[in-house]
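Taking it in order: structure first as structure tokens, then the write-up.
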């Protein structure tokens, strides 16, 4: 494959990050009515069906989210290729980032698919079964946070420990590690019905999702986009490789 | 251009440590600030729960932990001075004391957590205890990490004292340990003391 084609592919994949943002925010957030999500731990099955699944946009929103979810995995794969060693091999941090990104992307698609099923079946089956499925899926969505912590930790460590790279500044790496570690508060989500650690709580929803998005994902998207628009020589310099 | 240590980190010409540790401490401080602000917000929302729950804590145990941690911090500071003098034996001695006192904190915390869990108190009990376990738990992990760094510096002291890179290493460790200390100086009154007067 010639160099210009490779670069075009790289740039296309880099723009998948912003496309994921637009698609997921619209489908999962707006149509799926997840700004914020319903606090199912404090609701009966009937309340969840009446107050949340009664909205006709949810099934469409969740199907859209299931489609856009895997774009996150594709973006993460590009990030892993940027983290390769000079000889092209992927070190452990690169593989960890790739694994975490793939699993996170899968989750971002898989869980909305289940919520779509809940939306389609609400009103036809026992509301308690809807609540059970909805809750079960949210616990998977939130409490498998380690897959994203792993990704953020890996890319953060690469950013901080790889002193030769100039693609991403060190502060962004430390931020990624710190935010990934703060996800641990999500373990409280299933056990509380109100307050900052509830599924719609100030910390476990707004702060965790907000910092993940603004202080990690947006930041890395910007630096990845800057990187892919550099010339091949500038990319080698930015990555700290020896200039030929 | 700033001189670089062999790891490629800019060595600060004025002041201890390297850019990396200061950046890390700043970011970490912001994360804890986030925890504290959410804690205060929740305390404002359900003050009765916070008042009642705080009486289940044992401030004197936490005070002992505070004294241990502060003294440990002083020991690390002395080890940095000893490193600058090139006195490896003193470095090892001060770092050993520091580890011992850090161990007192760790044991105190484990005993405290065990007592709470045995009494049926868990992070799911109420929002105060969610914060208690979360904030002190993450701080506890920082203490453990700090002790690993201190142990590493102690293990390398006899061979590396006198080298510029070792000085930076122990300064970075000291900065991290002091940060852990300062965090506890906020956590202790916030969680253990503020409601006792009510």
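A short reminder: the numbers here are calculations on the coordinates, not readings from a lab. This one's a predicted model, so the numbers in the text were calculated from it and none came from an experiment. Here Cβ is always computed from backbone atoms with ideal geometry, including for glycine, and neighbour counts include all displayed protein chains.
For A:164, A:33, what ranking results if the residue with the fewest other Cβ atoms within 10 Å of its Cβ goes first?
Ranked by crowding around the Cβ, least crowded first: A:164, A:33.
Annotation: the residues B:178, B:81, B:139, sorted from fewest to most other C-beta atoms within 10 Å of their own C-beta, follow the order B:81, B:178, B:139.
By definition, a body whose alpha carbon gyration tensor gives a ≥ b ≥ c is prolate when a/c is 1.5 or more and a/b is larger than b/c, and chain A fits this prolate description. Quick check: the angle from helix A:170-182's long axis to the longest principal axis of chain A, C-alpha only, nearest 10 degrees? The helix A:170-182 is inclined about 30 degrees to chain A. What residue among A:191, A:68, A:136 has the largest mean-square fluctuation in a Gaussian network model of chain A, using Cα springs under 10 Å? Result for chain A, Cα springs under 10 Å: A:191 fluctuates most. With helices as the sole contributors, the protein assembly as shown gives -23500 deg cm²/dmol at 222 nm; each DSSP H run of n ≥ 4 counts as -39500 (n - 2.57), and the sum is divided by every residue. The angle between the Cα long axis of helix B:164-188 and the longest principal axis of the Cα atoms of chain B comes to about 10 degrees, rounded to the nearest 10.
Placing a pseudo-label 7 Å from each Cα along the Cα-to-Cβ vector at residue A:241 and residue A:47 gives an inter-label distance of 5.8 nm. So how far, in whole Å, is the C-alpha centre of region A:156-199 from the one of region B:167-189? Value for the Cα centre distance between the two parts: 20 Å. The ranking of B:80, A:60, B:91 by Cβ neighbour count inside 10 Å, starting from the fewest, reads A:60, B:80, B:91. How would you classify the protein assembly as shown from its alpha-carbon gyration tensor, with a ≥ b ≥ c the square roots of the eigenvalues: rounded for a/c under 1.5, else prolate if a/b is greater than b/c, otherwise oblate? Note, shape of the protein assembly as shown comes out oblate. Taking max minus min of the alpha-carbon positions on each principal axis, region B:49-192 gives extents of 54, 21, 21 Å, largest first.
Legend: translational diffusion of region A:88-139 by Stokes-Einstein, Rh = Kirkwood radius over C-alpha pairs, 25 °C, 0.890 mPa s; D = 190 µm²/s.
Normalising the average separation of contacting C-alpha pairs (under 8 angstrom, six or more residues apart) by the number of residues puts the relative contact order of region B:78-198 at 33 percent.
In chain A, the longest principal axis of the Cα atoms and the axis of helix A:57-68 are about 20 degrees apart. What is region B:10-130 by shape, rounded, prolate or oblate, if you read a ≥ b ≥ c off the alpha carbon gyration tensor as root eigenvalues and call it rounded for a/c under 1.5, prolate for a/b larger than b/c, and oblate otherwise? It comes out oblate by the Cα gyration axes.
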